[in-house]
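Here the structure comes first, spelled out in structure tokens, and everything after it is commentary.
Nothing in this text is a laboratory measurement; each read-out follows from the coordinates by a stated rule. Nothing here was measured: the structure is a model prediction, and the numbers come from that model. Here the Cβ is made from the backbone with ideal geometry for all residues, glycine too, and neighbour counts use every protein chain on show.
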Amino acid sequence: MAGTGGFQIDKTELQRLMREQGVEFEEEKSKKEPLTAKKKVLRTIEIVVAVAYCALLLLGKYIFPEDNEFWRSANIFSGAEVYNVLIRIASLAILTLSASTLLRFIIGRAAENSALTKRTGKAIIELLSNFVKYAAVLVLIFLILSAMGVDTAELLAGLGILSLILGLGVTSLVEDVVAGIFIIGERLFDVGDIVVVNDFRGTILSIGIRSTQIQDDGGDIMILRNSTIESLVNMTNRLSYAVCDIPVRPDMPFEMVENVFKNADFSYLRERYPEIEKGPFYLGLSEITDKGVQLVTFVAICQENTKYWIQRIVNREVKLLCDQHDIKLGETGDDDD
């Protein structure tokens, strides 16, 4: 069951209705964008550089003499104490980032294995992928500093003392900064996404290293410390439901009402309003109130940022349909007695 406000949508029934009308059910819309030509070129360059570097490590000893400065600097396993710093840094960067990319590629393929994810959980696999990414950056930083002659052992000791001081003095600030780094790095949400946080629904205005700003439809802005965002619903990475509950008077014959709604053709709405992805669909009788009012439900599938607008459109069209077939809405009025 999918919650939409106070209403529950039976996805199985919705899928059945869509199949009957020859419509493909597609609830989720991936945020992952297809590779552009530029990204494909960059990825190809990355692969070529990584393969060329591996070939250099394997075949370099047969090509270059041992005292060759380029070979001595590029081969990080040579143990040479004298080398060109820029070449050594480039070599370290290529090796570390290539290894990280390869490991994350393997982990990504593992995440697509349903049998494996069922045993270990997809979240654990994704966490491992993120750990590899951050660890590779940290390792690369220390390797570069070491190549530049910095005593990394003393640096680690100094960082330990600094962490202790920061932990005692500015704990909340550190928590916010760390949370902000993870939010940005893992792309949990992005600027422009529509989210719900603590019953506050709005659009992400900005994501800072310490705080995140969310603006609702009325223009009010909520500013949240990153470390306080414990639970969040991102409505942008999936299609939403514009749910319309129509109250039919209890004195209306329901069989006649349902026949009108079932045979109604709303295909013209999708042509007029392309924001409607699928539907509208008549889901049936949802509730009978204590006064006998019959609540019937229509659903249109659309993007989250157009949900309420589409809801008003569907309400209007159903009202016009009811007027055409003399279907009266609401409770029975006193003037009818």
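Taking Lys and Arg as +1 and Asp and Glu as -1, the other residues whose beta-carbon sits under 12 Å from that of residue 210 total -1. For a 23 Å ceiling on Cα separation, which of these pairs sit above it: 39/61; 38/307; 262/291; 278/319? As for pairs spanning more than 23 Å Cα to Cα, those are 39/61; 38/307; 262/291.
Applying the Karplus relation 6.51 cos²θ - 1.76 cosθ + 1.60 with θ = phi - 60° to the stretch 75-87 yields 3J(HN,Hα) values of 7, 6, 9, 6, x, 5, 8, 10, 7, 7, 4, 5, 5 Hz, where x marks Gly and Pro. Enumerate the amide H contacts of residue 284 below 5 Å, restricted to partners 5 or more residues apart or on another chain; note that Pro and chain-start residues carry no placed amide H. Residues meeting the criterion, in which the H sits 1.01 Å from N, are 297. For the peptides 269-280, 60-71, the ranking by packing is 269-280, 60-71, with the highest mean count of neighbouring Cβ atoms within 10 Å listed first.
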